[in-house]
Amino acid sequence: MKPVKASPAPSARPFEVEPLLLEVADVVNTTLDLETTLRRVAELVRKVIDYEIFAILLLNEQRQELYVRFQVGYPPEVAERLRVKVGQGVTGRAAETRQPVLVADTTLPAFYIEALPNVQSELAIPLIVKNRLIGVIDLEAREKGYFTEEHKRVLTLIASRMGVGIENARLHTRVIRQARTLALLNEIARELTSILNLDELLKRIAEMLQRLIDYQMFSILLLDATGEKLQHRFSQRFEQRMHLKHDIALGLGVVGYAAQAKEAVLVPDVTKSSRYIAVNPETRSELAVPLIYQEQVIGVLDLEHTRRNYFTEDHKRTLTTLAAQLAIAIENARLYEEIARQEKRLERDLALARELQFRLLPHSLPKMPHLEVQAKFVPARAIGGDLYDFLPYSLSRLGIAIGDVSGKGAPAAIYAALVSGILRSHAPIEPGPAEMLSAVNLSLAERRIAAQFVSIIYAVWDDERRTLLVANSGLPLPLYCHDGKIETIEAAGLPLGLFDEAEYDEFTFKAKPGDMFVFFSDGILDARNRHGQSFGPERVQEIVAGCADQTPDCVVSNIFRAVTEHAAGVEAFDDQTVVAIKVKGSPGKRR
């Protein structure tokens, strides 16, 4: 097959179309790799036109501009920076009109834009798939009249077929990239939640983030205690660790605005941004993403690059997704370090350590239209290893966690903090009870600590349907009070953190007004009196039965009062936790 001879002659010899279409079909049907597809398009066009300068520009739909995705004959720095707005220049006009544009003499049309010197003629063919523009094939020559109507006709024919192949390859590349990104995000989140040293965590974030985005400048800034300024906690410039001292006031600059607005800020060109504060003279583009934990900004993740338009909307979406996990990991590491420091000063700071642990517990009880909730935790020592938490789900649902860590004192409290962080890290995906227990078990197994494990009851309440799902990993069997009777929920399972794989049964209850569920830790049942007698499950059932027509507060208060009286004069040896929930409304009402 011979290429159509490029010359300023008014006509070119006829071209054999059928073999050409067979080659086009071969390209479309044999590869989904975008780079391979674009290279083969270039090779195919060269068989038709002996070009010197060639480019395939793809459309950025959001910005309505074309960028060079593949080229021959362009200096790399020109191809990298070149952006053509739809409607401007030869390629922009081809994109706007969706028609081929042949310019025999570039000195004549007013719309011509010079990207390369000494170009005398140009031919641009739009790539259209299902009536949607995806890009433009562009050829340029250094002599006038180089391209002919025959070139235009044949190239239009190629473009009409090749657009499908290019778009399929783009979609395939996008899907593969998204799948890899999601897998990497999951890997990053799982690894980072296991690092409890803050400095090590921030360093590892910088390393792993580079696998997602090849940034040049990176900083993590954390909000100071006053909540008024951001302090550089970790900074890296061109793979070199930097120690930056200057603080950034909340609301100032790109970083300060991201923190104040609680939203990611993408700046394609900092020289055109009124918010940008010139700290690094090399910076041309910037992406700042807030780190938000429990609806509060704790810091900002900031990326910079020397290239304009380097960061994309995909980068912004990816970092926003990752930032939620990073905020949990950072907050968890900060909390772990704080508790560890308290452990070293335990004898003189037990009161402070106790206060820190209670800060891990919910600051307030959840309020729901159809559910009353009450909970109480009393550690055996200044700090302990029991925990409870309420994790809001969407659609009026609530996750309820009650846990008992093995051991006592500061080690148990630190492990409980780790478990609490893991629970919250999984809560955004709204797992069911059995799924949550399996996920926590897997996370703990990956960072196993000798002689440490935890027993957890996890339940999910649906306030609209008034249903409760329950799974248990070793806590005492919970109680279900309904229709004038007390029923033991036979939910059991292996504690978390001991075995790599474990499965858990899940129980479903359709509750009615007046129904009540009660969950409690071992410390309640095992509380002993002077004669060595345990408080026992029968006493708990009696108290629940006596409060059947009362509020959950009746159950919680009476259980703790009875346990205190039973164990009077004996030092408690285990933490004690009770959580009770009751469906609002009297038993006689059915809605």
Item to complete: Could you list, in sequence order, all residues of the range 506-548 that are closer than 21 Å to Arg465 by Cα and of a type in the set (Asp, Glu)?
Response: Glu506, Asp515
Discussion item. What's the number of the only condition in (1) surrounded by 16 or more Cβ atoms within 10 Å (Cβ to Cβ); (2) without any contact (Cβ under 8 Å) to a residue 60 or more places away in the chain that Thr283 fails to meet?
Written reply: (2)
Item to complete: Would you be able to say whether some residue in the range 262-272 is more than 26 Å from the chain's Cα centre (by Cα) and of a type in the set (Lys, Arg)?
Response: yes
Fill in: Failed item in (1) buried (at least 20 other Cβ atoms within 10 Å of the Cβ); (2) not in a helix (DSSP H, G or I), with Thr91 passing the rest
(2)
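For the range 376-419, give me each residue that is in a loop (DSSP other than H, G, I, E, B), among the basic types (Lys, Arg) and touching a helix residue (DSSP H, G or I) at 6+ places or on another chain (Cβ under 6 Å).
Narrowing the range 376-419 to residues in a loop (DSSP other than H, G, I, E, B): 379-385, 393-396, 406-408.
So of that shortlist, the ones also among the basic types (Lys, Arg) come out as 381, 408.
Within the range 376-419, Arg381 is the sole residue that qualifies.
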Worksheet, complete the sentence: Filter the range 116-132 for residues that are within 24 Å of Asp50 (Cβ to Cβ) and out of contact with any strand residue (DSSP E or B) (no Cβ under 8 Å at 6 or more places or on another chain); the one that is surrounded by the fewest Cβ atoms within 10 Å (Cβ to Cβ) is Pro117
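With respect to Ala259, is the statement that it is surrounded by 14 or more Cβ atoms within 10 Å (Cβ to Cβ), over 17 Å from the mean Cα position of the chain (by Cα) and outside any loop (DSSP other than H, G, I, E, B) true? Walk me through it before giving the result.
Details: surrounded by 14 or more Cβ atoms within 10 Å (Cβ to Cβ): yes; over 17 Å from the mean Cα position of the chain (by Cα): yes; outside any loop (DSSP other than H, G, I, E, B): yes.
When the stated conditions are applied, Ala259 passes them.
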Practice prompt. Find all pairs meeting these conditions: Cβ atoms under 6 angstrom apart; at least six residues apart or on different chains; first residue within the range 475-500 and over 29 Å from Ile449 (Cα atoms); second residue part of a loop (DSSP other than H, G, I, E, B) and of a type in the set (A, V, I, L, M, F, W, C).
Written response: Tyr480/Ile489; Cys481/Ala548; Thr488/Leu477; Ile489/Leu477
Worksheet, complete the sentence: Screening Leu360, Leu356, Leu322, Leu335 for residues that are within 23 Å of Gly299 (Cβ to Cβ), modelled with pLDDT under 85 and in contact with a Ser or Thr (Cβ under 8 Å, 6 or more places away or on another chain) leaves only Leu360
Worksheet item: If you scan the range 480-495, which residues turn out to be out of contact with any Phe, Trp or Tyr (no Cβ under 6 Å at 6 or more places or on another chain) and assigned to a strand (DSSP E or B)?
Response: Cys481, His482, Lys485, Ile486, Thr488
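Any residue in the range 459-479 that is of a type in the set (Gly, Ala, Ser), surrounded by fewer than 22 Cβ atoms within 10 Å (Cβ to Cβ) and not in a strand (DSSP E or B)? Steps first, please.
Of the range 459-479, the ones of a type in the set (Gly, Ala, Ser) are 459, 471, 473-474.
Now restrict to residues that are surrounded by fewer than 22 Cβ atoms within 10 Å (Cβ to Cβ): 474.
From what is left, the residues that are not in a strand (DSSP E or B) are 474.
Yes.
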Worksheet item: If we keep just the residues of the range 59-68 that are surrounded by 17 or more Cβ atoms within 10 Å (Cβ to Cβ) and not hydrophobic (A, V, I, L, M, F, W, C), which is farthest from Arg132 (Cα to Cα)?
Response: Tyr67
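In the range 500-549, which residue that is of a type in the set (Lys, Arg) and in a strand (DSSP E or B) is farthest from Phe377 (Cα to Cα)? Outline the logic, then answer.
Applying the first criterion (of a type in the set (Lys, Arg)) to the range 500-549 yields 510, 512, 528, 530, 539.
With in a strand (DSSP E or B) added as a condition, the list becomes 510, 528.
On the way: Lys510: 28, Arg528: 18 Å.
Filtering first and then ranking leaves Lys510.
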Worksheet, complete the sentence: Over the range 185-237, the set of residues outside the structural domain of Gln260 (by TED's automatic domain parsing) and within 24 Å of Thr312 (Cα to Cα) is Leu185, Asn186, Glu187, Ile188, Ala189
Worksheet item: Which of the following residues is more than 28 Å from Asp526 (Cα to Cα), surrounded by fewer than 18 Cβ atoms within 10 Å (Cβ to Cβ) and either more than 29 Å from the chain's Cα centre (by Cα) or assigned by TED's automatic domain parsing to the domain that holds Ala434 (or both): Leu365, Leu395?
Response: Leu395
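The values are calculated or read from the model by the stated rules, or taken from the named source; none is laboratory data. All values derive from a computational prediction rather than experimental measurement. When we count neighbours, we look across all protein chains shown, and the Cβ atoms used for this are built from the backbone with ideal geometry, even at glycine.
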